[in-house]
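A quick write-up on the structure given underneath.
The values are calculated or read from the model by the stated rules, or taken from the named source; none is laboratory data. What you are looking at is a predicted structure, and each value in this text was computed from that prediction instead of being measured. Heads up, the Cβs are rebuilt from the backbone with ideal geometry, glycines too, and the neighbour counts pull from every protein chain shown.
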Amino acid sequence: MDKRDRALLFRQRLGEAMTLGGETRAGLARRVGVDRSTISQLLAGEALRLPNAQVVAECAGALGVSGDWLLGLSDLPERASEALAASMQASEANRAPFDDQIFDWHREATGYKIRHVPATLPDILKTEALLRWEYAPHMGRTIEQAVGASRDRLEWMRQSLSDYEIAMPLFAVDSFVTATGYYRSLPDDIRAEQIAHMLALHDQLYPSLRIFLFDARRLWSGSMTIFGPLVGVIYLGQEYLAFRDRARVRQLTRGFDVLVREASVSARDWPGHLEQSVRDARRG
């Protein structure tokens, strides 16, 4: 962009920002500390010219936009701090089978592929008995209501137009099958029902639902969900950290795709791996 074109764009954007902000020429002149004639020249003078850096900065500050946007160096009118705040959101994470925020993200991403790395078995795969075992200790008598809401929402997800890819570490499945680690106190009947349920879900939903297992000794990932190209969410214990800028969402997506590409167990082979793990556990 040559100097004249940049000056013309500055004039257009300055006028646009003033109109949106309800600012007059006299009012902007007072806030910037220049004569009204200076603002008039910038907006309608015969000679197209760019003001000095000080005037650009003062105009941007007075109108609540970025100087880069006024000069055509950015397509985002927000100042850098405001753009960052809009692109990243931190919110409280409720430990429940399914909370409103997660469900809102799922609905927003209807029709897009949803990618998920869970901290335990993903809620979308769990039986009601497993949900009660996992969440009842801290939810008390409200667990019935939570499980009911979770059942309705998970059914909505299963019938939605979105494809789901889930990547889990091998050890998460092994510890579930062998009732070790996190699942060491899980009753045998709940575990057996859950295994049968996961195998049935694969038969019902594959290939819309695809589960991959990766070796955490070679690859590692924190818990996250990527809702199409719209939102990437990282789970930090008591909080969600959600990113909406496309570059960051693409970066998280590339990381997830590495887990899928390097998976030790493919989505097609997942049921066979689960059944073999069960047989190995019984022999052991």
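Points worth noting:
- If you filter the stretch 164-178 down to residues that are out of contact with any strand residue (DSSP E or B) (no Cβ under 7 Å at 6 or more places or on another chain) and not small (Gly, Ala, Ser), you find that the one that is surrounded by the fewest Cβ atoms within 10 Å (Cβ to Cβ) is 171.
- Filtering the stretch 215-255 to residues that are within 23 Å of residue 272 (Cβ to Cβ) and touching a strand residue (DSSP E or B) at 6+ places or on another chain (Cβ under 6 Å) leaves only 216.
- Selection of first residues in the stretch 186-214 that are closer than 18 Å to residue 175 by Cβ and of second residues that are among the acidic types (Asp, Glu) and outside any strand (DSSP E or B), restricted to Cβ pairs under 7 Å at least 6 apart or on distinct chains, gives the following pairs, ordered by first then second residue: 214/262.
- Whether a residue is assigned by TED's automatic domain parsing to the domain that holds residue 103 and assigned to a helix (DSSP H, G or I) was assessed, and residue 247 passes this test.
- Of all positions in the stretch 135-148, none carries a residue that is under 24 Å from residue 212 (Cβ atoms) and either surrounded by 14 or more Cβ atoms within 10 Å (Cβ to Cβ) or in contact (Cβ under 8 Å) with a residue 24 or more places away in the chain (or both).
- Of all residues in the stretch 96-135, exactly one satisfies the criterion of being in contact with a strand residue (DSSP E or B) (Cβ under 7 Å, 6 or more places away or on another chain) and acidic (Asp, Glu), namely 108.
- Residue match in the stretch 263-280 (condition: over 21 Å from residue 157 (Cβ atoms), modelled with pLDDT of 95 or more, among the β-branched types (Val, Ile, Thr) and surrounded by fewer than 18 Cβ atoms within 10 Å (Cβ to Cβ)): yes
- When restricted to residues that are part of a loop (DSSP other than H, G, I, E, B) and not acidic (Asp, Glu), the stretch 17-40 contains 4.
- Only residues that are surrounded by 16 or more Cβ atoms within 10 Å (Cβ to Cβ) and on the phi > 0 side of the Ramachandran plot were counted in the stretch 187-237, giving 1.
- Evaluating residue 241 against the criteria (1) part of a strand (DSSP E or B); (2) crowded, with 17+ Cβ neighbours inside 10 Å leaves one unmet condition, (2).
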